[in-house]
Amino acid sequence: ARLLARARKVRDEFSDAGKMAEALGYLLRQRKPLRRFLEHGGLPLDNNACERSIRPIAVGRPNWHFAGSIRGGEAAAVIYTLIKCCKLADAHMVDDLADVLERARDHPHEKLDELEPAAWANLFAEQRQKNVLKRDAALSA
């Protein structure tokens with residue numbers, strides 16, 4: 001509260017065209033989010049984590065013109081979502097995602113939540129690891 005009161009008081013001492021006036025104006029316009037942050041210490045001060053997570057999507061956006069169709073675009077969105085979920089669950093991207101995609105073909109529709117990364121890790125990770133070891137042994141033979 002004292003910071004905002006001080007900012008209001010000194011704001012008029014600076015030219016409207018100056019950088020300090022611009023910074024103080026920004027501070028005063030952001031008082032609600034600032035108070036929320038100060039009252040709830042667990043909130044992040046910025047959204048950099050979110051920005052970093054969506055950057056690959058934004059960078060890939062020009063290529064989406066070449067998805068081929070609406071259905072192709074929807075399929076790409078599903079794959080992006082699966083990849084992001086794997087990253088969030090700290091799953092092995094290639095092997096775990098391949099296993100989920102293979103299981104999805106025959107998995108009961110009402111139990112699809114079992115293929116979400118966290119649930120999948122509890123139910124199928126051990127079996128997937130055995131399959132990976134078999135595959136690696138066959139490749140090296």
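For K130, go through the lysines and keep the ones whose alpha-carbon is under 29 Å away, minus same-chain ones fewer than eight residues off.
K84, K87, K111
Give me the percent of the accessible area of the chain that comes from carbon and sulfur atoms, probe 1.4 Å, all protein chains in place.
Percent of accessible area from carbon and sulfur atoms in the chain: 58.
Which residue fluctuates the most in the chain, going by a Gaussian network model with Cα springs under 10 Å, if the choices are L97, L123, L43?
Sorting by GNM fluctuation, first place goes to L43.
Going 7 Å from the Cα of L38 toward and past its Cβ, which residues in region 1-30 have a backbone nitrogen under 13 Å from where you end up?
Answer for region 1-30: 1-8, 27-30.
Rounded to the nearest whole Å², what accessible area per residue is found for region 42-141 with the 1.4 Å probe?
78 Å²
Have a look at L97, V132, V78 and report the one farthest towards the positive end of the charge dipole of the chain, computed about the Cα centre with Cβ charges (Lys/Arg +1, Asp/Glu -1).
V78
I want to check the label-to-label distance for R8 and H92. Put each point 7 Å from Cα in the C-beta direction and report it in nm to one decimal.
According to this spin-label approximation, the distance is 6.0 nm.
In terms of the Cα gyration tensor, with a ≥ b ≥ c the square roots of its eigenvalues, is region 1-44 rounded because a/c is under 1.5, prolate because a/b exceeds b/c, or oblate?
It is prolate, given that a/c is not under 1.5 and a/b is the larger ratio.
Calculated from the structure, volume of the Cα convex hull per residue in Å³ equals which of (1) 228; (2) 120; (3) 94?
Correct label is (1).
Between Y26 and S53, what FRET efficiency follows from the Cβ-Cβ distance if R0 is 30 Å, with the result rounded to 0.05?
0.75
Once the Cβ-Cβ distance between R71 and R105 is put in as r, and R0 is 22 Å, what FRET efficiency do you end up with, to the nearest 0.05?
Once rounded, the FRET efficiency stands at 0.80.
Compare D99, D12, D113 in a GNM of the chain, Cα atoms joined below 10 Å, and give the one with the largest fluctuation.
Between D99, D12, D113, it is D12 that shows the largest mean-square fluctuation.
The values are calculated or read from the model by the stated rules, or taken from the named source; none is laboratory data. Computed from a prediction, not measured in an experiment: that's the story for all the values here. Reconstructed Cβ throughout: ideal geometry from the backbone, glycine too, with neighbour counts over all protein chains shown. Ligands, DNA and RNA are excluded from the accessible area calculation, which covers all protein heavy atoms including side chains. Shrake-Rupley method; radii C 1.70, N 1.55, O 1.52, S 1.80 Å.
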